[in-house]
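Please read the structure below before turning to the comments.
The values are calculated or read from the model by the stated rules, or taken from the named source; none is laboratory data. Nothing here was measured: the structure is a model prediction, and the numbers come from that model. As a convention, Cβ positions derive from the backbone with ideal geometry for all residues, glycine included, and neighbour counts pool all protein chains shown.
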Amino acid sequence: MDVPALPSKVPGYDLYIDGFQALRRPKILQDANISHVVSVLDWKFANNWAALRGFQHLHIPLDDVYDSNILSFFPRSNAFIHEGLKHSRSSKPASNDANDSGVNPLPGGVLVHW
């Protein structure tokens, strides 16, 4: 039996790169604390599409062709990725200390797919 694998991880960051099929594995993405998804493809995403529920989403509508101007999207995509990497999700309570907020922040992760 094949065990589904995480998308390729960029060394030193919770930044993952994969194809469109990565969205078909939302449980694996959630287990990796992926909170943000960047979609780089010319595709019409349905509002409230089940595969993207629970994720922040940035859609960059580009075809994979020579004359696509991906550079024009870098300021927006870089800001979104930066926000995703510092995003935190809450885990179970850390302690019973009255001064503690009761949650352990976990680093967020970002999936970039095409």
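Data table
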| quantity | calculated |
| --- | --- |
| So Phe74, is it under 12 Å from Leu111 (Cβ atoms) and modelled with pLDDT of 95 or more | no |
| Arg89 vs. criteria out of contact with any Cys (no Cβ under 8 Å at 6 or more places or on another chain), surrounded by 11 or more Cβ atoms within 10 Å (Cβ to Cβ) and at pLDDT below 85 | yes |
| Residues satisfying the stated conditions in the stretch 12-35, i.e. in contact with a strand residue (DSSP E or B) (Cβ under 8 Å, 6 or more places away or on another chain) and on the phi > 0 side of the Ramachandran plot | Asn33 |
| Residues of the stretch 27-71 classified as polar (S, T, N, Q), closer than 20 Å to Lys9 by Cα and at pLDDT 90 or above, total | 3 |
